[in-house]
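See below for the structure under consideration.
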Amino acid sequence: MSVSSHDAQKHTKDAYTHSISSTDEDDKVLQEIGYVPSFRREFSNLATISFAFSIMGLCSSIATTFNTPLLLGGPASVTWCWILGACMCFTLGSSIAEIVSAFPTCGGLYTASAQLCPPRHRARVGWLVGWLNILGQIAGLSSTEFGLANMIWAAVVVAKGGNYEVTQGKVVGLFAGLLMFHGLLNCLATRYLARLTTTFVFVNFGATALIIIVLLAMTPRSDMHPASYVFGSAGVVNQTGGWNDGIAFLFGLLSVQWTMTDYDATAHISEEVKRAAYAAPSAIFIAVIGTGLLGWLLNIVMVLCSGPLENLPGPSGSAFLEIMAMRIGNPGALFLWTFVCLTAFFVSQTALQACSRTVYAFSRDHGLPDRGYFGYVSKTTMTPLRAIWFTTLWGIVPGLLDLASPIAANAVFALTAMALDLSYIIPIFLRRLYRNHPEVNFKPGPFYMGDGLLGWSFNIICISWTLFVCVIFSLPTILPVTKENMNYAAVITVGVVILSGLWYMLGGHRHYHGPSSNIPRYEDVINGDAQQEKEKTENEEGV
């Protein structure tokens, strides 16, 4: 027997022995789903909650998307669309938390989708949801990092008094450097990632609270806008160039939907979380509520202190930064902006970690044509290093497109929210469609809304809302439509679905059969032991 074969058989035996002797509740749940524990559970409750808040990046996500509602639908669109979208996102977040509680694996909703339909559909459903989720996460990581690069250069423009030219090369260079740095950070062992992540929530909340307090303190009462401008019809300012006021107002949803997405990121680290069936869904639930309420307050204060609308977004191109600079001066604004950028830095860090776990899970199930190469966990760090660098390098590609065609880069970035949201509602729909199917066994986790009115209403509302928002995502925000302002989100998303379907039919079905257990069968282990004994006896007789 070769050394590699012996080591592989020994590893299989050890894994099996661990699977039958483990007393850890998390590992038992994972084994029931069909997987041998591969990660160290180092994320505490606080670290998990911090991770869930960080993936949404409250103040940084609002800062990078604030221009859209303010300059398309007006101040009232900023205010009302946020709380409307946050309430609807609460139903989606709760529905996702319910599924994550039942299936706390690093595959997240990808693994759950295949488990929530009959076996004959599992491969096709898993393939579709897996690719939508991975591509949405990579595009989201890339767009967040690209937004951070622009935020840093915006600060430079403000610091230079508006006399500084930011080129595409500078933005893309900084973007690529930041992404590589995040790749290196994610190579740390899980315990270090957990400690680092624990601090994120304090910076996130602290920066948001500080901006709110300072703006209210530094803005004279006479310069604050009246309630009719912040909440009323005076704040509906249509600058879309042709859409009616109703559509222009609804474009305000783009900010909240962009901010409050990637809910299942916490699920992707659930194999690294202690008491995952409780902690992961609870973190999602708490983060959605906290982000929704605090985000609404931040938006109200920003509009209240925004000054004349015609002066925005200003030389930096960021209305959020210009409002702070106008009210507290450039030095103070840049000081606070540092924490906003730091929050965006944390978003990218958590997004890369979550996406790499999804890639790992998909490769482990042979969803990638890599023979399981990226489904490997380093024995040193106990993290999927290959999947981390796969995610990092592919995340750079959309940003590099900006050098050749900013339109193409923006088109890829636009894929994020639509692809992710569609991958979320598929398992929610399947959960209800096959609830009584004899081949589908949904075992609720600790976070469970039940099969009564509450559970059904939340599921129906979030599915309907997501489909509605996807229509808004698909509309060009400016009329008349040109190749520069065309919205390619729907085109690319549909294209991804079609291409992934063709790939599955032409070759993917040969290596991918849906999420598959990696727990070795008892017979395999016993046969392996018998083979080892036989070879040992033969060797002794030969001697």
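On full extension of the chain, what length is gained from Cys87 through Lys170, given 0.36 nm per residue of separation minus the C-alpha to C-alpha distance?
Full extension of this stretch gives 26.0 nm more.
If you roll a 1.4 Å probe over the heavy atoms of the protein chains, what accessible area per residue do you get for the chain, in Å²?
For the chain, the per-residue accessible area is 40 Å².
Want the number for Asn67 to Thr380: 0.36 nm per residue separation, take away the alpha-carbon distance, what's left?
That pair, Asn67 and Thr380, stretches by 108.2 nm at full extension.
Mind checking the angle between helix 276-304 and the chain's longest principal axis? C-alpha axes, 0 to 90 degrees, to the nearest 10.
Its long axis makes an angle of about 10 degrees.
Exposed loop GluC sites (Glu not before Pro) only (DSSP loop, at most 13 other Cβ atoms within 10 Å): please give the longest stretch of the chain free of them, not including the sites.
Segment 166-438 is the longest.
Under the rule of -39500 (n - 2.57) per DSSP H run of 4 or more residues, summed and divided by the residues of the chain, what mean residue ellipticity at 222 nm is obtained, to the nearest 500 deg cm²/dmol?
When only DSSP H runs of four or more count, the value is -23000 deg cm²/dmol.
If the label point is 7 Å along Cα→Cβ of Lys28, which residues in the range 96-112 have backbone nitrogen under 19 Å from it?
101-105
Against the longest alpha carbon principal axis of the chain, how many degrees, from 0 to 90 and to the nearest 10, is the axis of helix 75-102 turned?
Computed tilt is about 10 degrees.
What FRET efficiency comes out for Asn311 versus Arg191 if R0 is 56 angstrom and r is the Cβ-Cβ distance? Round to the nearest 0.05. Working shown, then result.
Working: r = 49 Å, r/R0 = 0.87.
With a Förster radius of 56 Å, E is 0.70.
Between Ile460 and Tyr434, what FRET efficiency follows from the Cβ-Cβ distance if R0 is 22 Å, with the result rounded to 0.05?
On the way: r = 16 Å, r/R0 = 0.73.
Step by step, r from the Cβ atoms, then E = 0.85.
Each label point is 7 Å from the Cα along the Cα-to-Cβ direction; what then is the distance between the points at Met486 and Val471, in nm?
Result: 2.3 nm between the two label points.
I need the calculated FRET efficiency for the pair Ser233 and Leu499, taking r as the beta carbon distance and R₀ as 51 Å, to the nearest 0.05.
Working: r = 45 Å, r/R0 = 0.89.
E between Ser233 and Leu499, to the nearest 0.05, is 0.65.
Debye sum, Cα scatterers, the range 39-536, no solvent: what log₁₀ I/I(0) at q = 0.10 1/Å?
Reported log10 I(q)/I(0), two decimals: -0.74.
Quick check: Cα centre of the range 370-442 to Cα centre of the range 265-305, how many Å?
20
On the protein heavy atoms, probe 1.4 angstrom, tell me the percent of accessible surface of the range 39-536 carried by carbon and sulfur.
67
What's the center-to-center distance, using Cα atoms, between the range 444-490 and the range 132-190 in Å?
Their Cα centres are 27 Å away from one another.
The values are calculated or read from the model by the stated rules, or taken from the named source; none is laboratory data. Given the structure is predicted, the values throughout are model-derived calculations rather than measurements. Please note: Cβ atoms are built from the backbone with ideal geometry, for glycine as well, and neighbour counts cover all protein chains shown. Side chains are part of the model used for accessible areas, which takes the heavy atoms of the whole protein and leaves out ligands, DNA and RNA. Shrake-Rupley method; radii C 1.70, N 1.55, O 1.52, S 1.80 Å.
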